1. Would you check if Glu375 is in contact with a Leu (Cβ under 8 Å, 6 or more places away or on another chain), of a type in the set (D, E, K, R) and open to solvent by 10 Å² or more (accessible area, probe 1.4 Å)?
2. Where in the range 63-136 are there strands (runs of 3 or more DSSP E), lying fully within it, with 2 or more residues that are within 29 Å of Ile44 (Cβ to Cβ) and among the aliphatic types (A, V, I, L, M)?
3. May I ask you to list the residues in the range 513-523 that are among the β-branched types (Val, Ile, Thr) and either open to solvent by less than 40 Å² (accessible area, probe 1.4 Å) or over 19 Å from Thr355 (Cβ atoms) (or both)?
4. Which of the following residues is surrounded by fewer than 18 Cβ atoms within 10 Å (Cβ to Cβ) and under 23 Å from the mean Cα position of the chain (by Cα): Leu41, Leu54?
5. What number goes with the only condition from (1) open to solvent by 20 Å² or more (accessible area, probe 1.4 Å); (2) within 16 Å of the ligand (Cβ to nearest atom); (3) farther than 18 Å from Asp204 by Cα; (4) of a type outside the set (D, E, K, R) that Thr81 does not pass?
6. Take the range 380-394 and flag every residue that is over 9 Å from Asp421 (Cα atoms), crowded, with 21+ Cβ neighbours inside 10 Å and either β-branched (Val, Ile, Thr) or in contact with a Cys (Cβ under 8 Å, 6 or more places away or on another chain) (or both).
7. Provide a single number: the residues in the range 17-62 that are within 16 Å of the ligand (Cβ to nearest atom), hydrophobic (A, V, I, L, M, F, W, C) and either part of a strand (DSSP E or B) or at positive phi (or both).
Amino acid sequence: MQKEITRQWWKEGIVYQIYPRSFQDTSGNGIGDIQGVIKRLDYIKSLGIDIIWLNPVYESPNDDNGYDISDYRNIMKEFGTMADFDELLAGMKERGLKLVMDLVVNHSSDEHEWFQESRKSRDNPYRDYYHWWPAEKGTPPERWSFFDVESNAWKYDEITDAYYLHCFSVKQPDLKWENPKVRQEVYDLMQFWFEKGVDGFRMDVISFISKDTDFPELPESYNGEFIPFYSNGPKLHDYLQEMNQSVLSQYDVMTVGEAPGIGIDRALDFVDEERNELNMFFHFDLMELDREEGELFLMAKEPWKLTEFKKIHSAWDTVFAKKGWGSMFLNNHDFPRSVSRWGNDSKTHWYNSATMLQTFLLSMRGTPFFYYGEEIGMTNVRFKNITDYQDINTINRYKTAEQNGGDLESFIENEKDASRDNARTPMQWDTTDNAGFSLTKPWLKVNSNHKEGINVASQEGKKNSVLNYFRQMVQVRKDHPTLVYGSYQLLLQSDEEVYAYSRVLEDERYLVLLSFSTKKAIKTITEIVFEKAELVISNDEIYPTKQNNQFELMPYQACIYKLV
Ligand code: GLC
């Protein structure tokens, strides 16, 4: 049964994520900035984008590139000033673009005033803003940290003879949401940005804000699962409902939570409209598909299977078929480039697979999130030397491997596919030395393939470019509300070459065919009946076959048909 459709701008909108550090440098320091985003607003508008999600731009010592915030109400100096930010927002409003900011409130920076106070003494008014474990209670129960060389989430702090909790780096102490004052601070700062006119938040590791604060010992059988030790704690939904009531409900805004560890069984707890929490969230099921079990940054030995890829998306679509709303993404600043990971970035298949993946995101139910450079098919950079990497995640895991006498060569092999820096190389605007990103040496090396056609300038004027296909496909989504709101049915379920599905709204039906194969594929659709399939869009030539329900697809070809 199809749910009743409630139209919303954030369901119909197409999101473009900008990692500001890597987008456009205008100040000449090799680091992207807010003026850089302003400079490119017309370009973004020309893509057909409706919403920009900006990774953190707040004041930060940059231990984790802005995910360690030392002042939530100021702009990072490297990125510019509040006046620049206001100019950006005004420029976006003028162009009808919405702005979604990153809300990073599971933790702050250790340089935030709250933490500076908190660590001073055990009776400081800010003491209870963070999780402290007094040393006289003994060593705290083991907790694992993402970015810690020792993988220890407890850091001993001499000043007060106590340990503080940091699920991420030592410079990212976890805020204590159990303290109502902390929650009020967060709601106030959200209000501050909403009053400025921002249109929503992407909420960083939001499922981590509530944890078991008794910190029980990990069971012997513990194998790395987040729940219940790190995330989805007993108060999570109380906090989200309180946040909704206190702030979100007062504005017409969009919210999308990042929710590692949350599977389909818990999904509706976050986004069922009647619960008044969030609009959408990012699940991690796809991001785990090609990784070792419980190891988000370790490539699996076996290649991923298309049937599994389909299974994940089909299962998630079913969850939201009646309630809530989904989000669709193939890469972001934490995961490698989509064409290198889910497509094929060899010279032969790059064009088709990049455009095929765009067709996928733009023909599924759920709001599509594109990551800067995806519109031109940017690929993984695959740095060979540890000295080229800038990401704390790669650098600290390298140090751990070094300390443990691990195999450093295979470590780098893994990072070539898995490192977050693959997705963080500067935006490729043209063929000049720094790809038009900066006039000086960029903070992270540019991918040299900007000289070989993977750049905006070269693709602008070319009819058959990844960039212009993207624009065309965006238009197709906008012209066909069925692609946004229609029901989804998986076809060819057990096929390992082609992902096929239908999208149906009232009497309109579309068939989407996506080849994930390096070979030609001939497929017969038998699950649905139709007289004629009229082509809406394709990224390759069409080969008519004898029967009307048989389709021949070139490697990585994508086609959308209207069925009559
Ligand atoms: C999220 C962010 C990631 C960051 C981490 C800690 O997963 O997307 O970039 O390192 O949280 O804030």
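1. It is false that Glu375 is in contact with a Leu (Cβ under 8 Å, 6 or more places away or on another chain), of a type in the set (D, E, K, R) and open to solvent by 10 Å² or more (accessible area, probe 1.4 Å).
2. The qualifying strands (runs of 3 or more DSSP E) are 98-103.
3. The answer is Ile522, and nothing else.
4. None of the others qualify; the one that does is Leu41.
5. Going through (1) open to solvent by 20 Å² or more (accessible area, probe 1.4 Å); (2) within 16 Å of the ligand (Cβ to nearest atom); (3) farther than 18 Å from Asp204 by Cα; (4) of a type outside the set (D, E, K, R) one by one, Thr81 breaks only (2).
6. Ile392
7. Count: 3.
Results for (1) β-branched (Val, Ile, Thr); (2) out of contact with any Pro (no Cβ under 9 Å at 6 or more places or on another chain), shown as yes or no for each residue.
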site	(1), (2)
Ser169	no, yes
Gln172	no, yes
Leu175	no, yes
Val182	yes, yes
Gln191	no, yes
Glu195	no, yes
Asp204	no, no
Ser207	no, no
Phe226	no, no
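The values are calculated or read from the model by the stated rules, or taken from the named source; none is laboratory data. Just so it is clear, the model here is predicted, and its values are computed rather than measured. Note that each Cβ is placed from the backbone with ideal geometry, even for glycine, and that neighbours are counted across all protein chains shown. Surface accessibility is based on the protein's heavy atoms, side chains included, excluding ligands, DNA and RNA. Shrake-Rupley method; radii C 1.70, N 1.55, O 1.52, S 1.80 Å.
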